[in-house]
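Visitor: A single structure is presented below for examination.
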Amino acid sequence: MKTWNLSQLDDLFAAIAGRQTLYIPADAAGQPAFTRWEPGLAMTRALNTGRSAKDLFFPQVENLAAFQISGKTISVSPAQSPEEDYVIFGVRACDCRSFDILDSVFLAEPADTFYQARRAHATVITLACTEPEETCFCTSLGIDPQAPGGDISCWMAEGRLYLQANTPKGEALLASLPDLGEGEKPETNPSVFDKLPLKDLDFSVFQEKPLLDWFNSPLWESLSQSCLGCGSCTFVCPTCQCYDVRDFEGGGTVRRFRCWDSCMYSDFTMMAHGTNRPTQKERFRQRFLHKLVYHPNNHQGQIGCVGCGRCLQKCPISMNIVKVAKALKEGSV
């Protein structure tokens, strides 16, 4: 295992950035976000970023193609797939697990080539958690926040950073960095996670009953009544993958791009006949059943949630996946 003095963390960032583009969690525009590192940019003290590292694989807005129109002639210029190698430092275990969920969608045949390229060119350096927030519940989903995975796992302890390569890509990056010392993995303290209020959540019941039992529950009406349909939960969620494809015309060129969308919006999947989910109740139900039932049913029981707690923090009316799951299990609101 390699080690580095935390007081010289900027020097390590500079060494990495000298080889590949580096992104770190930093305070920007009022909230922490993964930001391209430049000299002087400090890592945030926040446990997690406002939005997840998903943005670097699945950007909020992305060009797909351009169409040049000249009379009756149309020529197509596909957008080039990303080809730049880059490093993401400081990814927490919950966000790292979310990549597995996104992979199961975007890398299934036929693979999304834009997402595939970004994943292939990225080296993920994770950072173990030692001081979780009360909204965290990743351990209830089988995630170990003190063994975060990725290409390289990191721990901060006693003024030092400890780095462990987990993949050939991680080994190659560590081998390229100068002056890394040798050290032993620091001891972790799992008991701190035993004190979290949401540590005993159990989502297994959603695979034990027929789908239609959950779909036809009378609780959806009351659960969805206060929902504003703002989509905040979907935009901060590290596992949401809905998007829309749109065209923009200007100057004889039509640019096609995709952008994040939300199943909570009234125009989601809008077609000529209208939308197949005309009420807020139906849209609300879609979001939570996708996380708890639909995705697990199609992906070997893999729940579409990683317990990062972002939706608990951001929902303006405090109606989140934890409350919904508990209400459905207990049969009452």
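Visitor: Give all pairs with beta carbons closer than 9 Å in which a residue from region 259-275 that is over 19 Å from F235 (Cα atoms) meets a residue that is hydrophobic (A, V, I, L, M, F, W, C); count only pairs at least 6 apart in sequence or on separate chains.
Guide: T275/F268
Visitor: Filter region 119-155 for residues that are modelled with pLDDT under 95 and closer than 27 Å to P78 by Cα and give the result.
Guide: none
Visitor: Only one residue in A14, A33, A28 is touching a strand residue (DSSP E or B) at 6+ places or on another chain (Cβ under 8 Å), more than 28 Å from L107 (Cα to Cα) and either in the same structural domain as L177 (by TED's automatic domain parsing) or surrounded by 15 or more Cβ atoms within 10 Å (Cβ to Cβ) (or both), so which one is that? It would help to see each step written out before you state the result.
Guide: Values: A14 fails: touching a strand residue (DSSP E or B) at 6+ places or on another chain (Cβ under 8 Å); A33 fails: more than 28 Å from L107 (Cα to Cα).
Unique residue meeting the criteria: A28.
Visitor: Looking at region 120-140 only, could you name the residues that are assigned to a helix (DSSP H, G or I), surrounded by fewer than 21 Cβ atoms within 10 Å (Cβ to Cβ) and either polar (S, T, N, Q) or touching a Leu at 6+ places or on another chain (Cβ under 9 Å) (or both)? Working first, answer last.
Guide: From region 120-140, those assigned to a helix (DSSP H, G or I) are 120-121, 138-140; that's our starting set.
In the following step, the residues that additionally are surrounded by fewer than 21 Cβ atoms within 10 Å (Cβ to Cβ) were identified as 120-121, 140.
The one that is assigned to a helix (DSSP H, G or I), surrounded by fewer than 21 Cβ atoms within 10 Å (Cβ to Cβ) and either polar (S, T, N, Q) or touching a Leu at 6+ places or on another chain (Cβ under 9 Å) (or both): S140.
Visitor: Next question, about the same structure. Six or more apart or on different chains, Cβ under 6 Å: which pairs go from a residue in region 92-109 that's at pLDDT 95 or above to one that's buried (at least 23 other Cβ atoms within 10 Å of the Cβ) and outside any loop (DSSP other than H, G, I, E, B)? Could you list them?
Guide: From region 92-109, the pairs are C94/C138; D95/A53; C96/T126.
The rows are residues; the columns are (1) of a type in the set (A, V, I, L, M, F, W, C); (2) modelled with pLDDT under 95; (3) over 30 Å from A93 (Cβ atoms).
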position: G251; (1), (2), (3): no, yes, yes
position: W260; (1), (2), (3): yes, no, no
position: S266; (1), (2), (3): no, yes, yes
position: T269; (1), (2), (3): no, yes, yes
position: G274; (1), (2), (3): no, yes, yes
position: L289; (1), (2), (3): yes, no, no
position: N298; (1), (2), (3): no, yes, no
position: C305; (1), (2), (3): yes, no, no
position: M319; (1), (2), (3): yes, yes, no
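Visitor: Hey, can you tell me all the residues within region 302-333 that are of a type in the set (V, I, T) and either under 13 Å from C136 (Cα atoms) or in contact with a Cys (Cβ under 9 Å, 6 or more places away or on another chain) (or both)? So that I can check it myself, show each step before the final result.
Guide: Of the residues in region 302-333, the ones of a type in the set (V, I, T) are 303, 306, 317, 321-322, 324, 333.
Result: V306, I317, I321, V322.
Visitor: OK, next. List the number of the failed condition for A117; all other conditions in (1) under 13 Å from the mean Cα position of the chain (by Cα); (2) part of a helix (DSSP H, G or I) hold.
Guide: Result: A117 passes all but (1).
Visitor: Same structure, new question: Report, by residue number, each residue of region 285-312 that is under 20 Å from the mean Cα position of the chain (by Cα), under 17 Å from W214 (Cα atoms) and assigned to a helix (DSSP H, G or I). I'd like the intermediate steps shown before the answer.
Guide: So in region 285-312, the residues under 20 Å from the mean Cα position of the chain (by Cα) come out as 286-296, 298-312.
If we keep only those that are under 17 Å from W214 (Cα atoms) too, we end up with 286-296, 298, 301, 303-304.
Once the filter is applied, which keeps residues that are under 20 Å from the mean Cα position of the chain (by Cα), under 17 Å from W214 (Cα atoms) and assigned to a helix (DSSP H, G or I), region 285-312 yields Q286, R287, F288, L289, H290, K291, L292, V293, Y294, H295, P296, N298.
Visitor: Right, here's the next one. Can you tell me which of K169, K209 is basic (K, R), more than 22 Å from N48 (Cα to Cα) and assigned by TED's automatic domain parsing to the domain that holds R45?
Guide: Values: K209 fails: assigned by TED's automatic domain parsing to the domain that holds R45.
Being basic (K, R), more than 22 Å from N48 (Cα to Cα) and assigned by TED's automatic domain parsing to the domain that holds R45 holds for just one of K169, K209, which is K169.
Visitor: Considering only region 238-258, state which residues are touching a residue at least 12 places away in the same chain (Cβ under 8 Å), in a loop (DSSP other than H, G, I, E, B) and over 21 Å from K54 (Cα atoms).
Guide: G252 - this is the single residue of region 238-258 that is touching a residue at least 12 places away in the same chain (Cβ under 8 Å), in a loop (DSSP other than H, G, I, E, B) and over 21 Å from K54 (Cα atoms).
Visitor: Next up: For S81, all conditions in the list (1) in a loop (DSSP other than H, G, I, E, B); (2) in contact with a Phe, Trp or Tyr (Cβ under 9 Å, 6 or more places away or on another chain); (3) crowded, with 17+ Cβ neighbours inside 10 Å hold save one; what is the number of the exception?
Guide: Answer for S81: the failing condition is (3).
The values are calculated or read from the model by the stated rules, or taken from the named source; none is laboratory data. A quick note: this is a predicted structure, and the numbers were derived from the prediction, not measured. Ideal geometry is used to build each Cβ from the backbone, glycine not excepted, and the neighbour counts take in all protein chains shown.
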